[in-house]
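These notes concern the structure reproduced below.
Any read-out appearing in this document is the output of simple, stated calculations on the displayed coordinates, not a laboratory observation. As the structure is a computational prediction, the values presented were derived from the model and not from experiment. Here the Cβ is made from the backbone with ideal geometry for all residues, glycine too, and neighbour counts use every protein chain on show.
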Amino acid sequence: MAGSSTRSKARKRALDILFEAELRGLDPLLTLEERTAAADPPVRAYTTELVRGVEAHSAEIDARISDCLAPGWTLPRIPRVDRNVLRIAVFEIDHGEVPDAVAVTEAVQLVSELSSDESPAFVNGLLRAITAGDVRRTTL
């Protein structure tokens, strides 16, 4: 992520924390606390805001994502990286100060770097449906 913005780096770090917490079956806030205490690398304020926001609004965020999935698809079926990137983006769309287009672009960029070849199109389509309030169904 050379040359990426401070917020982009904070999103990546939030993804790392959410991914780790889910993988380990831990509360994301506990994982955030551990990573903040370790400070290696330091946890940015925006990372903290994202992790806390995703956790505070998790039921609402997961429902918004699930509402745009194709029949037969469930949230657990989405790859872990994609699922957590979507959660961050939906939090930013619903509760953040960045324009929706920025949240979508940043999410697509993250999965482009960290997930499968199909992930950017999937994440883009799902987030576009969410931002449009569209009920189209999106699959991988």
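Side notes on the structure shown:
- In the stretch 58-140, Cα pairs under 8 Å separated by at least six residues give a relative contact order of 37 percent.
- Which label in (i) 0.98; (ii) 1.19; (iii) 1.05 gives the computed Cα Rg over 2.2 N^0.38 Å: (i)
- The listed peptides 16-23, 74-81, ordered by packing as a protection proxy, come out as 16-23, 74-81 (highest mean of other Cβ atoms within 10 Å first).
- Helix 80-95 axis, angle to the chain major axis (alpha carbon atoms, nearest 10°): 90
- Approximate spin-label separation Arg128-Ser112, in nm, with each point projected 7 Å along Cα-to-Cβ: 1.5
- C-alpha long axis of helix 28-38 to longest principal axis of the chain, angle in °: 30
- To the nearest ten degrees, helix 6-24 and the longest principal axis of the Cα atoms of the chain are 80 degrees apart.
- Using R0 = 22 Å, the C-beta based FRET efficiency linking His95 and Leu26 works out to 0.45.
- Take every Cα pair under 8 Å whose residues are at least 6 apart in sequence, average their separation, divide by the length of the chain, and the relative contact order is 23 percent.
- Selection from Ala63, Leu75, Thr47 lying farthest towards where the dipole of the stretch 18-101 points positive, charges on Cβ: Leu75
- Residues whose placed amide H lies under 5 Å from that of Leu69, excluding near-sequence neighbours: Thr138
- Taking 7 Å steps out from each Cα toward its Cβ at Asp62 and Ser5 produces label points 3.0 nm apart.
- Per-residue ellipticity at 222 nm, computed for the chain from helices alone with -39500 (n - 2.57) per DSSP H run of at least four residues, works out to -22500 deg cm²/dmol.
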